[in-house]
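Colleague: First the structure, then my questions, so here it is.
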Amino acid sequence: MQGLIYTILADMVIDMKGIPFWNEVIRESNVASKGAYTTGVQYDDEELFAIVEYLEKALELPQAEIIKLYGVHLFPILLEKMPVGSLEMSSMKRFLLQIDEVIHKEVKRVNPDVYLPEFQYIDPGKDELVMLYRSKRKLCPLSEGLIIGAGKHFNTEVTINHPICMHDGADHCRLEIIMVP
Ligand code: HEM
């Protein structure tokens, strides 16, 4: 994952628990970089998983909850850094439909080394969207958090059902999103 993902996580944890706690997280999770993250540099995914594993014990919260919380926090920061100038922002649904083929595609064009998840879409009707998520990282709770973050941005109430999950052995996660603008 890019250094940006780690620096934003560090900022969130420091905001919640302070710098000494973040130093403890880095020390105890034994990450190779020793927490010296730089935006634009790639770090092993294992570092993220080791940090989240330590946070699970220290905060007594399930990993999925921590990653989801992080996704909510991450969304407005990613949105601000978006490399795409002309996005269709007239509704949350239109925005979500652009993640795979417009936003992540542009992220990949700018930085070809980056690994990004794949999304396929099913459109069941007004104010609903199904997103099928596939990634070797199985970070479906991050997707959920980012979608909740998008809901806040668009002032839209969001409900997400997640009936099929890669963590249960499926080859994709099915995120059924209901949006009430
Ligand atoms: C609701 C909206 C979004 C969803 C659901 C989403 C989903 C994800 C997920 C799940 C990941 C983690 C990688 C993985 O699963 O393999 C990711 C990574 C990433 N996304 Fe998105 N994303 C969203 C919006 C955005 C936006 C607005 C940007 C703007 C630039 C963005 C740029 C990135 C970048 C830079 C990474 C990190 C890749 C890396 O360092 O390895 N995403 N996204």
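Colleague: Which of the residues spanning segment 99-132 are within 20 Å of HIS73 (Cα to Cα) and touching a His at 6+ places or on another chain (Cβ under 9 Å)? Please lay out each step first, then the result.
Modeller: Restricting attention to segment 99-132, the residues satisfying the condition of being within 20 Å of HIS73 (Cα to Cα) are 99, 103-104, 107, 116-117.
Passing the criteria: LEU116, PRO117.
Colleague: Quick one: VAL102 ticks every box in (1) within 9 Å of the ligand (Cβ to nearest atom); (2) assigned by TED's automatic domain parsing to the domain that holds ASP168; (3) open to solvent by 40 Å² or more (accessible area, probe 1.4 Å) except a single one, so which number is it?
Modeller: Looking at each condition in turn, VAL102 falls short on (1).
Colleague: Determine the pairs where a residue that is surrounded by fewer than 15 Cβ atoms within 10 Å (Cβ to Cβ), located within segment 53-69, has a partner that is not hydrophobic (A, V, I, L, M, F, W, C) with Cβ atoms under 6 Å apart, the partner being 6 or more residues away or on another chain.
Modeller: GLN63/GLU56
Colleague: Another question, if that's okay. Any idea which of (1) more than 13 Å from the ligand (Cβ to nearest atom); (2) surrounded by fewer than 14 Cβ atoms within 10 Å (Cβ to Cβ); (3) of a type outside the set (A, V, I, L, M); (4) on the phi > 0 side of the Ramachandran plot is the one GLY40 doesn't satisfy?
Modeller: It is condition (1) that GLY40 fails.
Colleague: Okay, moving on. Considering only residues that are closer than 20 Å to GLN2 by Cα and open to solvent by 40 Å² or more (accessible area, probe 1.4 Å), which ones fall in segment 28-37? Working first, answer last.
Modeller: Taking segment 28-37 and keeping what is closer than 20 Å to GLN2 by Cα, we get 29-37.
The answer is ASN30, ALA32, LYS34, ALA36.
Colleague: Among LEU142, LEU79, which is the only one that is under 29 Å from LEU59 (Cβ atoms) and touching a Gly at 6+ places or on another chain (Cβ under 6 Å)?
Modeller: Unique residue meeting the criteria: LEU142.
Colleague: Of these, SER143, SER135, SER86, SER90, which one is more than 11 Å from the chain's Cα centre (by Cα) and within 17 Å of MET1 (Cβ to Cβ)?
Modeller: From the options SER143, SER135, SER86, SER90, the qualifying one is SER135.
Colleague: Right, something else. Tell me which residues, restricted to segment 126-166, are within 18 Å of VAL180 (Cα to Cα), within 11 Å of the ligand (Cβ to nearest atom), part of a strand (DSSP E or B) and open to solvent by 20 Å² or more (accessible area, probe 1.4 Å).
Modeller: Hits for segment 126-166 are VAL158, ILE160.
Colleague: OK, next. Out of curiosity, is ILE122 assigned to a helix (DSSP H, G or I) and modelled with pLDDT of 95 or more?
Modeller: So ILE122 fails the test.
Colleague: Mind listing just one residue for me: the one in segment 114-125 that is open to solvent by less than 70 Å² (accessible area, probe 1.4 Å) and within 12 Å of the ligand (Cβ to nearest atom) and, of those, farthest from the chain's Cα centre (by Cα)?
Modeller: Checking each candidate, the answer is TYR121.
The values are calculated or read from the model by the stated rules, or taken from the named source; none is laboratory data. Treat the numbers as computed from the prediction; the structure is a model and nothing was measured. When we count neighbours, we look across all protein chains shown, and the Cβ atoms used for this are built from the backbone with ideal geometry, even at glycine. Calculation scope for accessible area: heavy atoms of the full protein, side chains included, ligands and nucleic acids excluded. Shrake-Rupley method; radii C 1.70, N 1.55, O 1.52, S 1.80 Å.
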